[in-house]
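J.: Before anything else, here's the structure in question.
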Amino acid sequence: MQSVRLTSVSLKTRVFDFEGNFAKIKKVLELETNSDLILFPELCISGYGCEDSFFFPRIWKESWNTLTRILPLTENKIVVVGLPVFQNPYLFNCAAVLCNGAVAGIVPKSNLATTGVHYENRWFARGEEAQENFVAPDGSAVPFGSLVFETDHFSFGVEICEDSWVLQKPSIPLAEAGTDLILSPGASHFAFGKQRTRRQIFRESSRRESNVYLFSNLCGNESGRLIFEGGSMIVQNGKSIAESERLFFGDFNLCSSEIDFDASRADRAKNFRPSGNRFGQKKSNEENKIYLGIEFPKRIPKVNQPIPELPITKEEESYRDFTRAVALGLFDYLIQSKTKGYTLSLSGGADSSTCALLVTAMKKIAKQELGEDFFSSKGISEESLLYTLYQATENNSDRTRSLAQALANDVGSIHGDLTIDSEVKTISEKISKITGVSLNWDQHNLVLQNIQARVRSPIIWMLANLNGHLLLSTGNRSEAGAGYTTMDGDSSGSVAPLTGVSKEFILRWMRFIAEGRDPILPAYESVKEIVLSPPSAELKPLEDKQEDEKDLMPYPLLQKIEELFVVRGAGYSEIVQLLSGDPEVQKLAPGFLEDAVRKYIGLFHRNQWKRERLPPSFHLDEYGLDPRSSFRFPILSEEKGSGI
């Protein structure tokens, strides 16, 4: 009887940082000396988010050079790393299996991720295009393709990230070839509830195939928009054996377990059901098998108990994950951009307050995980890490002014307060002078609202520049969809941390904080007051009592329309029909739903140009509207017919 120690690594990589990525890989290998097999994530050498620079030969060459530096660290162990490999005429996304100082084989990714935020087929070819051998720079021939690796105690195959999600998984023929272990190196980005889906996929695959799955993942904001969450796992016979931390701030996190493969073989002998497809369609089993000669230390097998499920609802998990994921995204953005902090135009409303809270969470988590002196070690003053500014006009209320000050006090930001009426007046008078138009609220409502937002932009930008800070844009997905934002005004910024979620979500998350349920952020008194205020841009005269939901529509309704329009692809008539039976919608006045749907579709078509110009945002939800990653839509379009 013999058990084998497996380790899966969640790794924080940076694109193009071959030296830094190598140093982290090396540190893991030097620390984890007891494991027989160590799995690193997809494209961990180059970084996953290289995008069109994957076409640069220097990226493939430096990746291979880095791989050769890892080889001396693989004595009597198996190490699997990810890198791009050019096998003329195709470029492949590959996992290289290293053992005893040599490259034992290379497995290209069979199924390329092309949905949602992924465009892998722009850069890579499918594994089916591969030739049988790769000629390495030193002239040696390395086995290349769908391979089975054998040791004295277990055999394994590789499927890379998307390969584990498709209908015809590579693991199916591998299981029928008798492999005991499936390695799944991943670059699987964060989205609400996605870790639950991963657990479901690997548990069911492991149950069906009676084997062990080892999943590794990237972690952190590697290249700007995608946040990877770690959460590597080991699953055997349909049961989760181990899972590592998610959304951590450090360089890596390990998930290890000693596995008795006889437990899987016993289960397979009793329960395995063939698919009807045999592995050797192109090659015989023997041609695909590669023997790895390592000596295993004697380990007495033990019974691995399944890890318990956390007693947490999906909704609460989404709020907790939002705090940690965006905090992590902001942290990596800050460190990689080599800036000194964040500057924020704090209005006293929900969106800007959420941004301030998330920077505060970032600071708290970084100090907890990386040490109290982390920021000072990077030359960042913790006291000036967040600078907030309230820019008042005569249309702002005393309440939002006091709430902005109270929140700034609660989170410890440096806070400024100034009035911009004179700037607004000066610009308005100059425009009136050259046009001969006397601006008034009855005829020029939108113009007079927008100039206030635009006057704030150069002031807050100047402050951010002076501080050496990134500027936070406070817009959310609901506003992006409807175009409810002033270009070169409140949309200004270096990064938009909230554009990946709806306004409805933000309001619910704020209530979650106010109730004291978040494990990172306390229930600040200011937040308890902010959640009581109806959202308002405060750009119209105070006597108008402006509210966002009066200008647009109720945010819960807007979210339902948006999801049906963007995700389901429903048109006007279908959306009206689908929502007409909703109990909350039925409480609205007759004709309100029809007008709201018509309004939303019209706004969405007219405002793609705004979405094209919004600052970079994080992908957080099941879908997004970022035109550079999530949702492409024509800039010029108009929808007619279907009752609209």
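The values are calculated or read from the model by the stated rules, or taken from the named source; none is laboratory data. Source: prediction; values computed, not measured. Cβ coordinates were reconstructed from backbone atoms using ideal geometry, including for glycine residues, and neighbour counts include every protein chain displayed. Heavy atoms of the whole protein, side chains included, go into the accessibility calculation; ligands, DNA and RNA do not. Shrake-Rupley method; radii C 1.70, N 1.55, O 1.52, S 1.80 Å.
J.: When the stretch 116-172 is examined, which residues are found to be among the basic types (Lys, Arg), open to solvent by 60 Å² or more (accessible area, probe 1.4 Å) and in a loop (DSSP other than H, G, I, E, B)? First the steps, then the outcome.
T.: Narrowing the stretch 116-172 to residues among the basic types (Lys, Arg): 122, 126, 169.
This time we only want the ones that are open to solvent by 60 Å² or more (accessible area, probe 1.4 Å), so: 122, 126.
If the condition is that a residue be among the basic types (Lys, Arg), open to solvent by 60 Å² or more (accessible area, probe 1.4 Å) and in a loop (DSSP other than H, G, I, E, B), then 126 is the only one that fits.
J.: Scan the stretch 577-586 for residues that are open to solvent by 20 Å² or more (accessible area, probe 1.4 Å) and either assigned to a helix (DSSP H, G or I) or of a type in the set (A, V, I, L, M, F, W, C) (or both) and report the count. Spell out the reasoning first.
T.: Step one: list which residues in the stretch 577-586 are open to solvent by 20 Å² or more (accessible area, probe 1.4 Å), which gives 577-578, 580-584, 586.
Then keep just the ones that are either assigned to a helix (DSSP H, G or I) or of a type in the set (A, V, I, L, M, F, W, C) (or both); that gives 577-578, 586.
Looking only at that region, the number is 3.
J.: Considering only the stretch 357-379, state which residues are of a type outside the set (S, T, N, Q) and either without any contact (Cβ under 8 Å) to a residue 24 or more places away in the chain or open to solvent by 10 Å² or more (accessible area, probe 1.4 Å) (or both). It would help to see each step written out before you state the result.
T.: Going residue by residue through the stretch 357-379, those that are of a type outside the set (S, T, N, Q) are 357-359, 361-367, 369-375, 378-379.
Those that are of a type outside the set (S, T, N, Q) and either without any contact (Cβ under 8 Å) to a residue 24 or more places away in the chain or open to solvent by 10 Å² or more (accessible area, probe 1.4 Å) (or both): 363, 364, 367, 369, 370, 371, 372, 373, 374, 375, 378, 379.
J.: Restricting to the stretch 202-237, count the residues that are out of contact with any helix residue (DSSP H, G or I) (no Cβ under 6 Å at 6 or more places or on another chain), open to solvent by 10 Å² or more (accessible area, probe 1.4 Å) and either over 19 Å from residue 307 (Cα atoms) or at pLDDT below 95 (or both).
T.: Matching residues across the stretch 202-237 total 4.
J.: Taking the conditions exactly as written (out of contact with any Pro (no Cβ under 7 Å at 6 or more places or on another chain), open to solvent by 30 Å² or more (accessible area, probe 1.4 Å), closer than 27 Å to residue 414 by Cα and among the β-branched types (Val, Ile, Thr)), does residue 451 satisfy them or not? Walk me through how you get there before you give the answer.
T.: Details: out of contact with any Pro (no Cβ under 7 Å at 6 or more places or on another chain): yes; open to solvent by 30 Å² or more (accessible area, probe 1.4 Å): yes; closer than 27 Å to residue 414 by Cα: yes; among the β-branched types (Val, Ile, Thr): yes.
Answer is yes for this residue.
J.: Is one or more of the residues making up the stretch 102-113 surrounded by fewer than 18 Cβ atoms within 10 Å (Cβ to Cβ) and either assigned to a loop (DSSP other than H, G, I, E, B) or modelled with pLDDT under 95 (or both)? Please lay out each step first, then the result.
T.: At the first step, the residues of the stretch 102-113 found to be surrounded by fewer than 18 Cβ atoms within 10 Å (Cβ to Cβ) are 102.
Narrowing further to those that are either assigned to a loop (DSSP other than H, G, I, E, B) or modelled with pLDDT under 95 (or both): none.
No, every residue in the stretch 102-113 fails to be surrounded by fewer than 18 Cβ atoms within 10 Å (Cβ to Cβ) and either assigned to a loop (DSSP other than H, G, I, E, B) or modelled with pLDDT under 95 (or both).
J.: Quick one: in the stretch 370-428, of everything that is β-branched (Val, Ile, Thr) and in a strand (DSSP E or B), which residue is farthest from residue 526 (Cα to Cα)? Full working, then the answer.
T.: Let us first name the residues in the stretch 370-428 that are β-branched (Val, Ile, Thr), namely 380, 388, 393, 400, 411, 414, 419-420, 424, 426-427.
If we keep only those that are in a strand (DSSP E or B) too, we end up with 388, 414, 419.
Numbers: 388: 15, 414: 16, 419: 22 Å.
This residue is 419.
J.: Considering each residue of the stretch 429-448, count those that are part of a helix (DSSP H, G or I) and open to solvent by 60 Å² or more (accessible area, probe 1.4 Å), and give that number.
T.: Quick first cut of the stretch 429-448, residues part of a helix (DSSP H, G or I) only: 429-435, 445-448.
Narrowing the set further to residues that are open to solvent by 60 Å² or more (accessible area, probe 1.4 Å) leaves 429-431, 433-435, 446-447.
Number of matching residues: 8.
J.: Identify all residues within the stretch 10-54 that are aliphatic (A, V, I, L, M) and not in a helix (DSSP H, G or I); write none if there are none.
T.: At the first step, the residues of the stretch 10-54 found to be aliphatic (A, V, I, L, M) are 11, 15, 23, 25, 28-29, 31, 37-39, 43, 45.
Hits for the stretch 10-54 are 11, 15, 37, 38, 39, 43, 45.
J.: Could you go through the stretch 24-44 and let me know if any residue there is of a type in the set (Phe, Trp, Tyr) and surrounded by fewer than 16 Cβ atoms within 10 Å (Cβ to Cβ). It would help to see each step written out before you state the result.
T.: Applying the first criterion (of a type in the set (Phe, Trp, Tyr)) to the stretch 24-44 yields 40.
If we keep only those that are surrounded by fewer than 16 Cβ atoms within 10 Å (Cβ to Cβ) too, we end up with none.
No, there is no match, as no residue in the stretch 24-44 is of a type in the set (Phe, Trp, Tyr) and surrounded by fewer than 16 Cβ atoms within 10 Å (Cβ to Cβ).
J.: Mind listing whichever residues of the stretch 287-346 are under 24 Å from residue 377 (Cβ atoms), assigned to a loop (DSSP other than H, G, I, E, B) and open to solvent by less than 10 Å² (accessible area, probe 1.4 Å)?
T.: 341
J.: Hey, another quick one. Taking the stated definitions as given, is residue 461 at pLDDT 95 or above, out of contact with any helix residue (DSSP H, G or I) (no Cβ under 8 Å at 6 or more places or on another chain) and assigned to a helix (DSSP H, G or I)?
T.: Spelling it out, residue 461 is indeed at pLDDT 95 or above, out of contact with any helix residue (DSSP H, G or I) (no Cβ under 8 Å at 6 or more places or on another chain) and assigned to a helix (DSSP H, G or I).
J.: Could you say whether any residue in the stretch 588-610 is farther than 25 Å from residue 499 by Cα, hydroxyl-bearing (Ser, Thr, Tyr) and touching a residue at least 40 places away in the same chain (Cβ under 8 Å)?
T.: No - not one qualifying residue is present in the stretch 588-610.
J.: Let me ask something else. Which residues, taken from the stretch 55-101, are assigned to a helix (DSSP H, G or I) and crowded, with 16+ Cβ neighbours inside 10 Å?
T.: As a first pass, look at the stretch 55-101 and keep what is assigned to a helix (DSSP H, G or I): 55, 57-73.
59, 60, 62, 63, 64, 66, 67, 70, 71, 73, listed by residue number.
J.: For residue 589, all conditions in the list (1) among the small types (Gly, Ala, Ser); (2) part of a helix (DSSP H, G or I); (3) within 30 Å of residue 400 (Cβ to Cβ) hold save one; what is the number of the exception?
T.: It fails just one condition, (2).
J.: Then there's this: Look through the stretch 521-543, keep the residues that are over 26 Å from residue 480 (Cβ atoms) and assigned to a loop (DSSP other than H, G, I, E, B), and return whichever of them is most open to solvent (accessible area, probe 1.4 Å).
T.: Initial filter on the stretch 521-543 (over 26 Å from residue 480 (Cβ atoms)): 522-526, 528-529, 541-543.
Those still in the list that are assigned to a loop (DSSP other than H, G, I, E, B) too: 522-524, 541.
Details: 522: 55, 523: 33, 524: 28, 541: 17 Å².
Across the stretch 521-543, the extreme among qualifying residues is 522.
J.: Keeping to the stretch 488-504, report how many residues are closer than 17 Å to residue 473 by Cα and either open to solvent by 10 Å² or more (accessible area, probe 1.4 Å) or modelled with pLDDT under 95 (or both).
T.: To start, the set of residues in the stretch 488-504 that are closer than 17 Å to residue 473 by Cα comprises 488-503.
Narrowing the set further to residues that are either open to solvent by 10 Å² or more (accessible area, probe 1.4 Å) or modelled with pLDDT under 95 (or both) leaves 488-494, 499.
Qualifying residue count for the region: 8.
J.: Against the conditions (1) exposed (fewer than 14 other Cβ atoms within 10 Å of the Cβ); (2) over 22 Å from residue 343 (Cβ atoms), where does residue 409 fall short? Just the number, please.
T.: (2)
J.: Just to be sure I understand the filter: pairs with C-beta atoms under 8 Å, separated by 6 or more residues or on different chains, first member in the stretch 13-39 and at positive phi, second member crowded, with 19+ Cβ neighbours inside 10 Å. Which pairs pass?
T.: If the second residue must be crowded, with 19+ Cβ neighbours inside 10 Å, the pairs left are 16/46; 16/47; 16/50; 16/59.
J.: Looking for whichever is farther than 30 Å from residue 370 by Cα, at pLDDT below 90 and more than 37 Å from the chain's Cα centre (by Cα) here; the options are 284, 275. Which one fits? Explain how you work it out, then say what you get.
T.: Values: 275 fails: more than 37 Å from the chain's Cα centre (by Cα).
Just a single option satisfies the conditions, and that option is 284.
J.: Name every residue in the stretch 552-562 that is without any contact (Cβ under 8 Å) to a residue 60 or more places away in the chain and either in a helix (DSSP H, G or I) or open to solvent by 20 Å² or more (accessible area, probe 1.4 Å) (or both), in order of residue number.
T.: Step one: of the stretch 552-562, the residues without any contact (Cβ under 8 Å) to a residue 60 or more places away in the chain are 553-554, 556-557, 560-561.
Residues satisfying the conditions are 554, 556, 557, 560, 561.
J.: So residue 512 fits all but one of (1) surrounded by fewer than 20 Cβ atoms within 10 Å (Cβ to Cβ); (2) part of a helix (DSSP H, G or I); what number is the exception?
T.: Residue 512 satisfies all of (1) surrounded by fewer than 20 Cβ atoms within 10 Å (Cβ to Cβ); (2) part of a helix (DSSP H, G or I) except (1).
J.: Also: Quick check on the stretch 633-640. Is at least one of its residues closer than 20 Å to residue 474 by Cβ, over 19 Å from the mean Cα position of the chain (by Cα), open to solvent by 20 Å² or more (accessible area, probe 1.4 Å) and free of Cβ contacts under 8 Å to residues at least 24 places away in the same chain? Step through it out loud before you land on a result.
T.: First, the residues of the stretch 633-640 that are closer than 20 Å to residue 474 by Cβ: none.
Scanning the stretch 633-640 turns up no residue that is closer than 20 Å to residue 474 by Cβ, over 19 Å from the mean Cα position of the chain (by Cα), open to solvent by 20 Å² or more (accessible area, probe 1.4 Å) and free of Cβ contacts under 8 Å to residues at least 24 places away in the same chain.
J.: Tally up the residues in the stretch 1-18 that are under 20 Å from residue 299 (Cβ atoms) and β-branched (Val, Ile, Thr), please. It would help to see each step written out before you state the result.
T.: Step one: filter the stretch 1-18 for residues under 20 Å from residue 299 (Cβ atoms), giving 1-8.
In the following step, the residues that additionally are β-branched (Val, Ile, Thr) were identified as 4, 7.
Residues in the stretch 1-18 being under 20 Å from residue 299 (Cβ atoms) and β-branched (Val, Ile, Thr): 2 in total.
J.: Which residues, taken from the stretch 167-201, are at pLDDT below 95 and hydrophobic (A, V, I, L, M, F, W, C)?
T.: Passing the criteria: 167, 172, 174, 175, 177.
J.: Which count do you get for residues in the stretch 499-513 that are closer than 18 Å to residue 566 by Cα and not acidic (Asp, Glu)?
T.: Here is the first cut: in the stretch 499-513, the ones closer than 18 Å to residue 566 by Cα are 499-505.
If we keep only those that are not acidic (Asp, Glu) too, we end up with 499-503, 505.
Here the count works out to 6.
J.: Given the conditions (1) modelled with pLDDT of 95 or more; (2) open to solvent by less than 20 Å² (accessible area, probe 1.4 Å); (3) farther than 24 Å from residue 577 by Cα, and given that residue 604 satisfies all but one, which numbered condition is not satisfied?
T.: Of (1) modelled with pLDDT of 95 or more; (2) open to solvent by less than 20 Å² (accessible area, probe 1.4 Å); (3) farther than 24 Å from residue 577 by Cα, only one is false for residue 604: (3).
J.: Is the stretch 569-576 home to any residue that is open to solvent by less than 40 Å² (accessible area, probe 1.4 Å), among the aliphatic types (A, V, I, L, M), assigned to a loop (DSSP other than H, G, I, E, B) and more than 30 Å from residue 323 (Cβ to Cβ)? Please lay out each step first, then the result.
T.: Our first condition is that a residue be open to solvent by less than 40 Å² (accessible area, probe 1.4 Å); within the stretch 569-576, this holds for 570-572, 575-576.
Imposing the further condition that a residue be among the aliphatic types (A, V, I, L, M) reduces the set to 570, 575-576.
Next, only the ones that are assigned to a loop (DSSP other than H, G, I, E, B) stay: 570.
Imposing the further condition that a residue be more than 30 Å from residue 323 (Cβ to Cβ) reduces the set to 570.
Yes, the conditions are met somewhere in the stretch 569-576.
J.: Still on this structure: Those residues that are crowded, with 23+ Cβ neighbours inside 10 Å and aromatic (Phe, Trp, Tyr), I need them from the stretch 173-201; list them, please.
T.: Of everything in the stretch 173-201, just one residue is crowded, with 23+ Cβ neighbours inside 10 Å and aromatic (Phe, Trp, Tyr), namely 190.
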